[in-house]
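Before any comments, here is the structure.
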Amino acid sequence: MLAALAMFFSHGCAGRRPAQPPAAVKPPVQKKPPSVVPPPPAATAAVSPADRSYLSGAAAMAEKNHERALEQFAAAWKENSGYPAVARDFPEALEGLKRAGDEALRQGRPEDAGKRWEAVLRYLGHPAAKGKTLSFTKGELQKEIDKLSASLMEKGLVEYRKGNLEAAIATWRSILAYNPSHAEAARSVQTATTQLQNLKKIAPPK
């Protein structure tokens, strides 16, 4: 009996193949995405000192600050002689500053008018203004300034004769504010100031 069982198992095992272990599953190979090279930064044009000054002047023009505009335009021209945009805009800034002086005089601010007109005179000699046609000439503007100074001298003299020394001094000083070299105004201020100081010395105490 035992011999028969042994033979049965030996024949059964011989007919079967040993079980093979399952094949190992390889993980899928992940492909690396192609490397993306960022584009180079866009090149920015360098802003020159002349460009900066011109842009500052153009901004001042937009704000109707014509004297500041002329100052910056002149700086741009100094950095780059013949700067085309300055040559184009310089006359307009001169006209604007002249009009601002006219308006100041109409509003009863003669000192401001004189300051603006004198600034126009200074910039009329700039190379950027050479050959440009304006609504006024240098001679005409100088006459307006001289007329303004004469009017203020007379106004101060009227106050002086009334004994209003402080008012007279203030009026004459307004001429020196835009024309420090006005000799007559300087002498008048000195004379009236000395008289005022002497009067204060002899005035009885209150």
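Computed from the coordinates by the stated procedures, all read-outs in this text should not be read as laboratory data. Computed from a prediction, not measured in an experiment: that's the story for all the values here. Here the Cβ positions follow ideal geometry from the backbone for every residue, glycine too, while neighbour counts run over all protein chains shown.
Some observations on this one:
- Ratio of Rg to Rh for the range 48-135: 0.99 [Cα atoms; Kirkwood radius as inverse mean 1/r over pairs].
- Pairs from the list LYS98/LYS138; LYS115/LYS200; LYS64/LYS143; LYS64/LYS115; LYS115/LYS143; LYS64/LYS147 with a Cα-Cα gap above 22 Å: LYS115/LYS200; LYS64/LYS143; LYS64/LYS147.
- Highest to lowest packing among 74-87, 57-70, scored as the average C-beta count within 10 Å: 57-70, 74-87
- Spacing of the modelled spin labels on LYS162 and GLN197, each 7 Å from Cα toward Cβ, amounts to 2.6 nm.
- Computed lengthening from SER181 to LEU134, 0.36 nm per intervening residue step minus Cα-Cα distance: 14.2 nm
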